[in-house]
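Read-outs throughout are calculated quantities, based only on the coordinates presented, and are distinct from any laboratory measurement. Just so you know, these numbers come straight off a predicted model, no measurement behind them. Glycine also receives a Cβ, built like all others from the backbone with ideal geometry; neighbour counts cover every protein chain displayed.
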Amino acid sequence: MDYQTILEKYKAGALNLDEAMSQLSNQGSEDMGFANIDTERQKRTGIPEVIYASGKTTEQVKLIVERMYHKGMDILATRVNDDMYEAVKTVVPNAIYNVLARTITYKHKEEILTDDYIAIISAGTSDLPVAEEAAETARFLNNKVITIYDVGVAGIHRLFHKWDVIRNARVIIVVAGMEGALASVVGGLVDKPVIGVPTSVGYGASFQGISALLSMLNSCASGVSVVNIDNGFGAACQASLINKL
């Protein structure tokens, strides 16, 4: 029950004061002992509660998903594995698993999307797991998404084959490893916000993504912001908030 329903029940005499106070104090969270689900995050921030599965056991992920499902909450779990998906299927049979993105999603109903869209660009095919995590997250947050993959600076002409799609996006996510130059290239050519996502793709001197991270942070192109290494999820959340302004 939401706050209004509880108060109406109290006013009507269906709940006494102690019962109403108890239910009001429990609003906004679902305490499972090992996890505390933030049931009001969507209303408060525009981004719903999401399950970060890495570090959790398969059973914990399954129980959290089951509780959210029965509470009527949409479900996004990131950094999942095959075993977690098999367990989740037993409680939410229609859950969707993107193996590449390592995400599980379930929506009780699809919402109408606007014509405004987020463009997600990856420099190389090796960056696709992070790009797909961003795409799955952005779609989960009810955004139209267009993906443009494998258009890095080593063959920059490939980027311009998709230029109309890129420049007409409301916000652009650029996912790149190695030297991370693609974010600067795109940022210097568009009048839209660009969110750079450095990836841990690259040989030894890339330092597991630190090289790309520093390149993006030091971009001379204005309008480029940067999230953490491999953080497709965070980039999509930021892009969603911008797209809905």
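Of note:
- Using the Cβ of Ile210 as centre and a radius below 15 Å, the other residues enclosed give a net charge of -2, where K and R count +1 and D and E count -1.
- Mean residue ellipticity (222 nm) of the chain, computed from DSSP H runs ≥ 4 via -39,500 (n - 2.57), nearest 500: -10500 deg cm²/dmol
- Panel order for Glu133, Glu8, by other beta carbons found within 10 Å of each beta carbon, from fewest to most: Glu8, Glu133.
- Positive-pole candidate from Tyr10, Ala205, Val50, dipole of the chain, charges at beta carbon: Ala205
- For the stretch 32-106, the Kirkwood hydrodynamic radius from C-alpha pairs, put into Stokes-Einstein at 20 °C and a viscosity of 1.002 mPa s, yields a diffusion coefficient of 174 µm² per second.
- Near Val80, once Lys and Arg are set to +1 and Asp and Glu to -1 for all other residues with Cβ below 12 Å from its Cβ, the sum equals 0.
- Charge tally for Ala53 (other residues, Cβ to Cβ under 11 Å; Lys, Arg +1; Asp, Glu -1): +3.
- Between amide H atoms placed 1.01 Å from N, distances below 5 Å from Ser122 occur with Ile148, Tyr149, Asp150, Val151, Val175, all of them 5 or more places distant or on a separate chain.
- Coil-residue trypsin sites (Lys or Arg not before Pro) of the stretch 152-245, DSSP, other Cβ within 10 Å capped at 14: Lys244
- Springs join every pair of Cα atoms under 10 Å in this Gaussian network model of the chain, and among Arg44, Arg102, Arg79 the largest mean-square fluctuation is at Arg44.
- Label corresponding to Cα extents along the principal axes in Å when calculated from the structure given, among (1) 62, 38, 36; (2) 63, 41, 32; (3) 69, 37, 30: (3)
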